[in-house]
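Inspection log for the structure reproduced underneath, given as structure tokens.
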Amino acid sequence: GENVEQHPSTLSVQEGDSAVIKCTYSDSASNYFPWYKQELGKRPQLIIDIRSNVGEKKDQRIAVTLNKTAKHFSLHITETQPEDSAVYFCAASNNAGNMLTFGGGTRLMVKP
Amino acid sequence: EPEVTQTPSHQVTQMGQEVILRCVPISNHLYFYWYRQILGQKVEFLVSFYNNEISEKSEIFDDQFSVERPDGSNFTLKIRSTKLEDSAMYFCASSVSGRANEQFFGPGTRLTVL
């Protein structure tokens, strides 16, 4: 089955700096890669996703890149703000089913 | 904006007891899911449900677990005889369609087994 690894597990940045979170996956059939943000005690919320037919997607301060050959994808947050502080999860799924396999999460702390 | 809802928000039960966790998916969604998150760990898939039957399940989803859509709005997860290791946050999710579509998560039910 699919295995998703996520790094780093914690990340501390100064407000205004960029943050990068990386994930690798094992199943070459995976073709959908969402990123979820989970604030303390709240539900995971999708912030951006990418499908395997594109290499990069951007939405304002958030971007995701995908390297299918290397089987890794990354989340980039620019101009970080204190409200970006949360746990971020990457996930992967494939056309064989619709289950999401999650990475272990990254706790991002943005210091004002 | 429509949201997935879950009840109760917190359930405390004794080991060996049965619990039913309830979810109301977004009304036009057709695919429903249960995930769990043990404290401090990753979110883990349990089961997906479509057209009134299980479409996929993980190894975690053993004979102690069952799911049901008893009516047109609710989606339930039953744990027949709870164990200490079932203590976790259980998230329900739904999506318009399967395969590479956004899954919307509910707020979760924190299950504590004593």
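The values are calculated or read from the model by the stated rules, or taken from the named source; none is laboratory data. Remember, it's a predicted structure, so these values are computed and weren't measured experimentally. Here the Cβ positions follow ideal geometry from the backbone for every residue, glycine too, while neighbour counts run over all protein chains shown. For the accessible areas, the whole protein counts, side chains as well, though only heavy atoms, and no ligand, DNA or RNA atoms are used. Shrake-Rupley method; radii C 1.70, N 1.55, O 1.52, S 1.80 Å.
The contact residues of the stretch B:25-52, meaning those that lose at least 50 Å² of 1.4 Å-probe accessible area when all protein chains sit together rather than their chain alone, are B:K42, B:V43. Residue by residue, the stretch A:74-89 carries 3J(HN,Hα) couplings of 9, 10, 10, 10, 9, 6, 4, 10, x, 6, 7, 4, 4, 9, 10, 10 Hz when phi is fed to the Karplus relation 6.51 cos²θ - 1.76 cosθ + 1.60 (θ = phi - 60°); x denotes Gly or Pro.
For the residues of A:35-46, the average number of beta carbons from a partner chain within 10 Å of their own beta carbon is 4. With a 1.4 Å probe rolled over the protein heavy atoms of all chains, the accessible area of B:H29, A:H7 falls in the order A:H7, B:H29, largest first. Calculated FRET efficiency, B:S73 and A:D27, Cβ-Cβ r, R0 30 Å, to nearest 0.05? Calculated value: 0.30. Decide, for the stretch B:1-52, between rounded, prolate and oblate: order the square roots of the alpha carbon gyration tensor eigenvalues as a ≥ b ≥ c, take rounded if a/c falls under 1.5, and otherwise choose prolate if a/b is larger than b/c, else oblate. Prolate, because a/c is 1.5 or more and a/b exceeds b/c.
Take every DSSP beta bridge whose two residues both sit in chain A; close to 90 percent of them are antiparallel. Heavy-atom accessible area, probed at 1.4 angstrom with all protein chains present, ranks A:E56, B:E59, A:E15 as B:E59, A:E56, A:E15, highest first. Chain B packed on chain A takes about 1900 Å² of accessible surface away from a 1.4 Å probe, both sides summed.
Take B:106-112, B:32-38 and order them by the average number of nearby Cβ atoms within 10 Å per residue, most first; the result is B:32-38, B:106-112. Its relative contact order, with pairs defined as Cα atoms under 8 Å and 6+ residues apart, puts chain B at 38 percent. Expressed as a whole percent, the accessible area of chain A that falls on carbon and sulfur atoms is 47 (1.4 Å probe). Taking every protein chain into account, the 1.4 Å probe leaves A:M109 with about 80 Å² of accessible area, to the nearest ten. Using C-alpha pairs under 8 Å with a sequence gap of at least 6, the mean separation divided by the residue count of the stretch A:1-55 gives a relative contact order of 29 percent. How many angstrom lie between the C-alpha centres of the stretch B:1-54 and the stretch A:1-78? Each part reduced to its Cα centre gives a spacing of 24 Å. In the structure shown, the pairs A:K37/B:K78; A:K42/B:K83; A:K42/A:K71; A:K37/A:K68; A:K71/B:K57; A:K22/A:K68 are assessed against 18 Å; a Cα-Cα span above that value is assigned to A:K37/B:K78; A:K42/B:K83; A:K42/A:K71; A:K37/A:K68; A:K71/B:K57. For B:Y50, the solvent-accessible surface with a 1.4 Å probe is about 90 Å², rounded to the nearest 10. Protein heavy-atom surface of chain B, 1.4 angstrom probe: 46% of the accessible area is carbon and sulfur, with nucleic acids and ligands not counted.
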